[in-house]
Each structure stands twice: as structure tokens, then as C-alpha cells.
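Have a look at the structure below, then the notes.
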């Protein structure tokens, strides 16, 4: 009887399957990249996972202020996984490149808010650059199968020289 019970338990434990559920790690480098005046993106160290923000024109400027942009049709956040590392000009091209191939893309739902705080950086009393501290509140990325939620996601700091 013991052998039968052990065999049954071994079979049951071996037969368990947690499915094909991959939860993204969301560990990006601290470097915020800018393309044009309205596209910002961060990557993981292998440059195969990307989080892209599309902002309205003039959202990144040289005026000290705090701004909030609701995620909408014009302000977007997109999480993308690609099969190879992206190059430095991947998002700066007029026509999207064929390589690397997009493995997965998940867009943010309305309801999230992109928060940007712009501050001056002073050196010897003179403004030398501006830091744009970017966070996303209530970031909800979802497609038909997955939901990724971050209550307060630190996107990073974009540094613009004066």
C-alpha cells in the first residue's frame, strides 16, 4: 500500500504543470534614451526588453515644473520584447526596421499617469543642464493573456545639457 501511495504521489507531483506563464522581470538600466522630441525609452542590459514612452511635443523642455500626462491615445507606454539587441537608432528611424523581430508587445491601458518633474542642475551658480525625473503611476500593461501592474514605476531620469 505504501508503494502504491508513493507511486501515486510521485506521478501527481511530476504531472503538475504551471503553464507557459512568463512574468517579465522589469529590470531596466538607469539610462533614459531620447529620440526626437517625444519618444523616450529604457532597455534591460541585453537591450532585448524595452519600455517606450511617447509624450506630447514640448513635454521635455527647460522650464522647472512638475507635469502629469494621462496615458491615452497620444501619450503611450509600450513594453516590447525583441529577439536581438536593439541599436541606438532603433526608435529614431522613420521606417521601423525589420530586425530585430518583435517577440511580444504589450500596451498600457488608459488610467496610468506619466509624471515628469523638471529641475535645474547648477554648477558654480550657472544652469548647466536639466534633469527630468520620470515616473509612471498606475501603470497597467495588458493584452489578451497578461496583465502587468506597477503602482509607482520609476522610469528614470533624463538629463538634458543646457
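Distance between the modelled labels on residue 63 and residue 138, one decimal in nanometres: 2.5 nm (7 Å Cα→Cβ projection).
If every alpha-carbon in region 25-161 counts as one equal scatterer, what log10 I(q)/I(0) does Debye give at q = 0.13 1/Å? After summing over all Cα pairs, the log10 values are -0.56.
All of the numbers you see were taken from the coordinates with simple rules; none came from a lab. Predicted model, so just to flag it, every value in this text is computed and none were measured. Here the Cβ is made from the backbone with ideal geometry for all residues, glycine too, and neighbour counts use every protein chain on show.
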